[in-house]
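Participant: Please read through the structure below; I'll follow up with questions.
The values are calculated or read from the model by the stated rules, or taken from the named source; none is laboratory data. On a predicted model such as this, the values are computed, not experimentally measured, just so you know. Ideal geometry is used to build each Cβ from the backbone, glycine not excepted, and the neighbour counts take in all protein chains shown.
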Amino acid sequence: MTSLDKRLTPARPDLADERLRGLVEAARYVPGEPRRVIAPSAPLRREPYPDAPLDTEALMGEPVAVYDEHEGYAWAQLGTDRYVGYVPTEALGPAASPPTHRVTALRTFIYPGPNLKLPQVGFLSLGAGVTPAEARNEYVRLSTGGWVFAEHLGAAEAHAQDFVAVAERLVGAPYLWGGKTSLGLDCSGLVQLSLAMAGSAAPRDADMQQATLGTEVDRSSGLRRGDLVFWRGHVGIMLNETRLLHANGHHMAVAIEPLAEAEIRIRQKSFGPITGVRRLPGRAQAPHA
């Protein structure tokens, strides 16, 4: 990965970020306009079409820099992991203050009022950032509208102690290429989301994660809970010294299986051999009994 990785560089032949002047050629340079995601989640696609490939998703509350808008799409860069692509304009709002809370439940319903018997109007996924504007009974009204169950939220500055335990909560969630919500996520999205809930930033894709997270370890010395195991285009999390937790297309879900079995299957059918193991600082945990 380089500083001019196309996935992370807001530059097209006709338009580029003002900060890239002198680094890339473009017909025009503009500063990004600050916005924030106001939809429960927003797809970021490679092209401004609803059937274009999904590269990732932005969760409510994420900051976004918008460089261009055309026919319902904003060409933008996400503030959390710097990914660049096309986001539906309707999913973005003004650059409000950072969220004060985030969703700590796997998902929580949004209601039109503080009553669980009302028909829900949407849901927020784990990690979505929100700002409560009013409390009533056991519910809070969000600054973006709608009410959610208050106990499904936590302070934005509060973090999980063990990112592996966060990932375990997502076992059974469907596999979705580019997904980053509890309704569907991919291998690197699982790693990124789990680490984020534990207060650690991570890049979006597996190759970026292998290049930047932790330090390389020799498998022969033994694996630990929280070690990240990489293949070409795939990543998984060690649950303990022998079992792997990963979102994968074989199970089409987040699943736990013996690393030895996964290694054989993945080598033969998809991504080849393991390319490395990275250990994150301060993330070693005692294996589950």
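Participant: Name the single residue that is surrounded by the fewest Cβ atoms within 10 Å (Cβ to Cβ) among those in the range 39-57 being touching a residue at least 24 places away in the same chain (Cβ under 8 Å) and among the acidic types (Asp, Glu).
Facilitator: In this case the residue turns out to be 47.
Participant: A further question on this structure: When residue 105 is evaluated against the numbered criteria (1) farther than 23 Å from residue 169 by Cα; (2) in a loop (DSSP other than H, G, I, E, B); (3) at pLDDT 95 or above; (4) not charged (D, E, K, R), which criterion, by number, is the only one it fails?
Facilitator: Answer for residue 105: the failing condition is (1).
Participant: A follow-up question, please. Please go through the range 70-84 and pick out each residue that is out of contact with any Ser or Thr (no Cβ under 7 Å at 6 or more places or on another chain), assigned to a strand (DSSP E or B) and buried (at least 18 other Cβ atoms within 10 Å of the Cβ). Don't jump to the end; show me each part of the working.
Facilitator: In the first step, residues of the range 70-84 are kept if they are out of contact with any Ser or Thr (no Cβ under 7 Å at 6 or more places or on another chain); the result is 70-71, 75-82.
Now narrow it down to the ones that are assigned to a strand (DSSP E or B): 70, 75-78.
If the condition is that a residue be out of contact with any Ser or Thr (no Cβ under 7 Å at 6 or more places or on another chain), assigned to a strand (DSSP E or B) and buried (at least 18 other Cβ atoms within 10 Å of the Cβ), then 75, 76, 77, 78 are the ones that fit.
Participant: Output the number of residues of the range 234-272 satisfying the condition of being modelled with pLDDT under 95 and either outside the structural domain of residue 208 (by TED's automatic domain parsing) or touching a helix residue (DSSP H, G or I) at 6+ places or on another chain (Cβ under 8 Å) (or both).
Facilitator: Residues meeting the conditions: 1.
Participant: Looking only at the range 58-68, decide whether some residue is of a type outside the set (D, E, K, R) and surrounded by fewer than 16 Cβ atoms within 10 Å (Cβ to Cβ). If you could, list the steps in order and put the result at the bottom.
Facilitator: Of the range 58-68, the ones of a type outside the set (D, E, K, R) are 58-61, 63-67.
If we keep only those that are surrounded by fewer than 16 Cβ atoms within 10 Å (Cβ to Cβ) as well, we get none.
Among the residues of the range 58-68, not one is of a type outside the set (D, E, K, R) and surrounded by fewer than 16 Cβ atoms within 10 Å (Cβ to Cβ), which makes the answer no.
Participant: (1) farther than 19 Å from residue 79 by Cα; (2) in contact with a helix residue (DSSP H, G or I) (Cβ under 8 Å, 6 or more places away or on another chain): which one isn't true of residue 211, the others all being true?
Facilitator: Among (1) farther than 19 Å from residue 79 by Cα; (2) in contact with a helix residue (DSSP H, G or I) (Cβ under 8 Å, 6 or more places away or on another chain), residue 211 violates only (2).
Participant: Among the residues of the range 163-213, what is the count of those that are more than 16 Å from residue 254 (Cα to Cα) and surrounded by 16 or more Cβ atoms within 10 Å (Cβ to Cβ)? Don't jump to the end; show me each part of the working.
Facilitator: The first filter runs over the range 163-213 and keeps only residues more than 16 Å from residue 254 (Cα to Cα), leaving 196-205, 207-213.
Now drop any that are not surrounded by 16 or more Cβ atoms within 10 Å (Cβ to Cβ), which leaves 196-198, 200, 202-205, 207-210, 213.
Final tally of qualifying residues: 13.
Participant: On to the next question. Of the residues 49, 67, which single one is in a loop (DSSP other than H, G, I, E, B), more than 28 Å from residue 141 (Cα to Cα) and out of contact with any His (no Cβ under 9 Å at 6 or more places or on another chain)?
Facilitator: Values: 67 fails: in a loop (DSSP other than H, G, I, E, B).
Among 49, 67, only 49 is in a loop (DSSP other than H, G, I, E, B), more than 28 Å from residue 141 (Cα to Cα) and out of contact with any His (no Cβ under 9 Å at 6 or more places or on another chain).
Participant: Let me spell it out: the conditions are (1) more than 19 Å from residue 177 (Cβ to Cβ); (2) in a strand (DSSP E or B), and residue 56 meets all of them except one. Which number is the exception?
Facilitator: All conditions pass for residue 56, except number (1).
Participant: While we're looking at this one, here's another question. Testing residue 123 on (1) crowded, with 16+ Cβ neighbours inside 10 Å; (2) assigned to a helix (DSSP H, G or I), one condition comes back false. Which one is that?
Facilitator: (2) is the only condition that residue 123 fails.
Participant: Go through the range 146-170 and give me each residue that's closer than 21 Å to residue 40 by Cα and part of a loop (DSSP other than H, G, I, E, B).
Facilitator: Hits for the range 146-170 are 146, 156, 157, 158, 159, 170.
Participant: Turning to a different aspect of this structure: Confirm whether residue 7 is among the basic types (Lys, Arg) and in contact with a helix residue (DSSP H, G or I) (Cβ under 9 Å, 6 or more places away or on another chain). Steps first, please.
Facilitator: On the way: among the basic types (Lys, Arg): yes; in contact with a helix residue (DSSP H, G or I) (Cβ under 9 Å, 6 or more places away or on another chain): yes.
When the stated conditions are applied, residue 7 passes them.
Participant: Looking for whichever is of a type in the set (Gly, Ala, Ser) and over 19 Å from residue 197 (Cβ atoms) here; the options are 145, 127, 172. Which one fits? Explain how you work it out, then say what you get.
Facilitator: Details: 127 fails: over 19 Å from residue 197 (Cβ atoms); 172 fails: over 19 Å from residue 197 (Cβ atoms).
Of the residues listed, the single one that is of a type in the set (Gly, Ala, Ser) and over 19 Å from residue 197 (Cβ atoms) is 145.
Participant: Can you tell me which of 132, 203 is over 30 Å from residue 274 (Cα atoms) and either among the basic types (Lys, Arg) or outside the structural domain of residue 83 (by TED's automatic domain parsing) (or both)?
Facilitator: On the way: 203 fails: over 30 Å from residue 274 (Cα atoms).
Being over 30 Å from residue 274 (Cα atoms) and either among the basic types (Lys, Arg) or outside the structural domain of residue 83 (by TED's automatic domain parsing) (or both) holds for just one of 132, 203, which is 132.
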